[in-house]
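The values are calculated or read from the model by the stated rules, or taken from the named source; none is laboratory data. The model shown is predicted, which means the values in this text are computed figures rather than measured ones. Glycine also receives a Cβ, built like all others from the backbone with ideal geometry; neighbour counts cover every protein chain displayed. To get the accessible areas, we keep the full protein, side chains included, count just its heavy atoms, and leave off ligands, DNA and RNA. Shrake-Rupley method; radii C 1.70, N 1.55, O 1.52, S 1.80 Å.
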Amino acid sequence: MSTYTLGTASGTGERDAGVRVRYGVLGAVAAWSPDGEALALKGPRHRAVLARLIVARRQVVTVTRLVEDLWDSPPDDAVGAVRTFVSALRRALEPERPPRSPSRLLVTEGSGYALRAAPDDVDAWRFEQSVASLTDAQPAQVADRLTEALGWWRGPAYADFGDAPWARGERARLTELRLHALERRAEARIALGEAARAVPDLDAHVTEHPWREDAWQLLARALYRTGRQADALSVLRRARGTLTEQLGVDPGPRLRRLEEDILRQAEHLDQSAAGTAAQVWAQATTAYESNVSARSRVHLESTVGLMRDLAVTGGGGLESARHHRVAAVAAAEEMGDPELTARVIGVFDVPAIWTRADDPEQSRWLVGAAERTLRLLPPAARDPSGHSSPAADEHAAARCRLLATVAVESRGALPGGEATRGTTARPLQAARQAEEIARSLDDAALLAFALNGTFMQTFHRAGLAARRDAIGAEVVDLAARHGLARYEVLGHLIRLQSRCARRDLAGADRHAAAADALAARHELPLVAVLTTWYRALRTAMTGAPESARHAYEQAAACLDGAGMPGLRDGLPPLALLSVQIAHGEPLTVDEAADWGPYEPWVRPALLVAQGRREEAGAALRAMPPPPRDLLFEAMWCLVGDAAAAVGESAVTRRALAQLAPAAGEQAGAGSGLLTFGPVADHLRVMAAALES
């Protein structure tokens, strides 16, 4: 079992400029100091060791594996030679490291070595992140970002080691990603009306890679857009000849259809859908700005509606929407009209699935604004017959939206300790009131929003997966009947989580597929982040540990640029830890891991693994109770296991009491992200410790 340290990021070089090194494999293998100076990596075998460790992506590569990869016929002193190469690399990467002090970049772990490079310190990893972050970006952003990213390539990937078996797969994968990026940039330029700019790159591209039909199609489209119809047809005929002669295949249906469209000068070829949409948008916004005063109430409400739609377009849109939403609410409050403020707050009914706020301070401010506005709204009024008037219904709907906002934005705000039965914590009370009002008004959209608040407040004890599944089922049915696509997605994601908690993976699969289908139809890119993490969890629950780790590494990449820090912070290392715990492996954790908000409950377990029992006991006695959220059971399992291991009987009993209602569930799987295995297994460990 390896040892590790908590609370630092020095292994990544992310916080300490003195040890930050940039690595390059998009070309010849190289490394640069923080000031951009190329580091002397000595001979080819030194660079091969560095490249092999980069291929491993921060994982340990054993000395035996390095020997096998570096030599076809290893010399007698191969192991000693590898250690010499590693020592030389350490001196090159950290020239100012004191003698005999451990390296923070190229670390020894067990019987091998690992390079603890940060994700943005390796050009290949940075390139992957850039491409992945543009899944749903607009053409202008795609063109700019990919131009920058493609500029990082200095030659073929791992150019020094093109024939090495250990580099072959990674080299091929990166090459394919680069070709895809070239084609995506060309497509973006065509959509932006810059077809002429795309032609030279595409011409060279199809010459070098004649089997790529998408590239031929893009080149033909670009030529047609620049008024070169004959050249476009010539390119398509050249494509047919090349594919037939070199590969023995006929052009695919898209190429054949494009040729027909060019011959008949199809209307849709003249302007891309993106260009048409951009033109309509420009005309509409110009007309709006000309006719609606920027200081009017209508303008403010329209702005918030736009922010609501922007929030589901991707990471950048979500972050921007959060920022502008607060400004809009503040502006509404300044106008002194509580009904306007209620509408501005309530119109932002963006479905929420994760129980930790992305910006806690902002959420607290919004809850305060909603509570202030609730106090200023007139009370609900009824006519003499006891029926509500239209005006009263409107006031009730505004009140409902404010209460639902309090419930949603107060996610995770219930006390983390032992809650009394029938608690009347304000967020839970607000959720109940919002749902009651929404049902009385028979307003589907309002009820969906209120049920979202109810869901966010169903964490007052463990073991409530079935309750949340029922909420999800109602949301799915309600949303499907009334065309509320975003809430239909929410309902499926809630049910996905609850099915995972009860290990109903077939059911979870159905809900993941339904959510993905709706997201594709309604352009909701952030849904894929959650379903990708679900599939990593599924791999962890059914596959081998190595497969699970690989799946989680891919899922972690989806969080970059997603605009969801409440989900991202601390999650990747926690997921890798969950694989070790669920599969009964010794805890060997990245010493540079950033545990984010989970650190108080992870720390005791890691201290136990290090044999630091007294420190673990002190940490257990001092820790705050885990928050009541989607990882409530998981955190208590960590705490309970650590307490059982060091004889902290009081904490062990607390954990048993908290977890008992969830005995039939999977610890943490209700998050749809990770699991520490069956809660029952952890309960047995704790019970046995108390009996011994």
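Between the stretch 125-150 and the stretch 582-652, how many Å separate their Cα centres?
If you average the Cα positions of each part, the centres end up 39 Å apart.
Going through the stretch 16-124, which chymotrypsin sites (Phe, Trp or Tyr not before Pro) have at most 15 other Cβ atoms within 10 Å and a DSSP loop state?
TRP71
Rounding to the nearest 20 debye, state how big the charge dipole of the stretch 37-129 is about its Cα centre with +1 on each Lys and Arg Cβ and -1 on each Asp and Glu Cβ.
Roughly 260 debye for the stretch 37-129.
Heavy atoms only, probe 1.4 Å: what % of the accessible area of the chain goes to carbon and sulfur, would you let me know?
Whole-percent figure for carbon plus sulfur exposure: 52.
So what is the relative contact order for the stretch 526-681, in percent, with contacts set as C-alpha pairs under 8 Å and at least six apart?
23
In the stretch 471-597, with Lys and Arg counted as +1 and Asp and Glu as -1 at Cβ, which of these residues, ALA575, GLY507, LEU559, has the Cα nearest the positive end of the dipole, that is, farthest along it?
GLY507
Given an 8 Å cut-off on Cα distances and at least 6 residues of separation, report the relative contact order of the chain as a percent.
11
What does the charge count around TRP216 come to, taking other residues whose C-beta lies under 12 Å from its C-beta (Lys +1, Arg +1, Asp -1, Glu -1)?
Here the charged neighbours net out to +2.
Within the chain, which is the longest segment that contains none of the GluC sites (Glu not before Pro) sitting in a DSSP loop with at most 14 other Cβ atoms within 10 Å?
The longest uninterrupted stretch comes out as 97-417.
Run the dipole for the stretch 522-663 about the Cα centre, Lys and Arg Cβ at +1, Asp and Glu Cβ at -1, nothing else charged, and hand back the magnitude in debye, nearest 20.
With only Lys, Arg, Asp and Glu charged at Cβ, the dipole is about 460 debye.
With +1 on each Lys and Arg Cβ and -1 on each Asp and Glu Cβ, and nothing else charged, work out how big the dipole of the stretch 580-689 is about its Cα centre, in Debye to the nearest 20.
Approximately 440 debye in magnitude.
What does the charge count around ASP160 come to, taking other residues whose C-beta lies under 12 Å from its C-beta (Lys +1, Arg +1, Asp -1, Glu -1)?
With Lys, Arg at +1 and Asp, Glu at -1, the neighbours total +4.
Loop-only check: which chymotrypsin sites (Phe, Trp or Tyr not before Pro) in the stretch 158-249 are DSSP coil with at most 15 other Cβ within 10 angstrom?
In loop regions of the stretch 158-249 (DSSP not H, G, I, E or B), the sparsely surrounded chymotrypsin sites (Phe, Trp or Tyr not before Pro) are TRP211.
Over the stretch 529-678, give the accessible area per residue in Å² for a 1.4 Å probe, as an integer.
Value for the stretch 529-678: 32 Å² per residue.
Find which of SER296, ALA78, GLY664 sits farthest along the positive direction of the dipole of the chain, computed with +1 on the beta-carbon of Lys and Arg, -1 on that of Asp and Glu, about the Cα centre.
Selected residue: GLY664.
Between the stretch 35-76 and the stretch 476-527, what is the C-alpha centre distance in whole Å?
If you average the Cα positions of each part, the centres end up 45 Å apart.
Over the residues of the stretch 510-667, compute the C-alpha Rg and express it relative to 2.2 N^0.38 Å.
Its radius of gyration relative to the 2.2 N^0.38 Å reference: 1.12.
From a point 7 Å beyond the Cα of GLU614 in the direction of its Cβ, which residues of the stretch 631-646 have a backbone N at a distance under 16 Å?
Zone members listed by number: 646.
When the helices in the chain are scored as -39500 (n - 2.57) per DSSP H run of 4 or longer and the sum is shared across all residues, what 222 nm value do you end up with, to the nearest 500 deg cm²/dmol?
Mean residue ellipticity, 222 nm, calculated: -20000 deg cm²/dmol.
Which trypsin sites (Lys or Arg not before Pro) from the stretch 136-235 combine a DSSP loop assignment with at most 16 other Cβ atoms within 10 Å?
Those that pass, being in a loop and sparsely packed, are ARG154.
Note down the net charge around LEU247, summing +1 for each Lys or Arg and -1 for each Asp or Glu among other residues with Cβ under 12 Å from its Cβ.
That works out to -1.
Output the relative contact order of the stretch 94-211, whole-number percent, from Cα pairs under 8 angstrom with separation of 6+ residues.
It rounds to 19 percent for the stretch 94-211.
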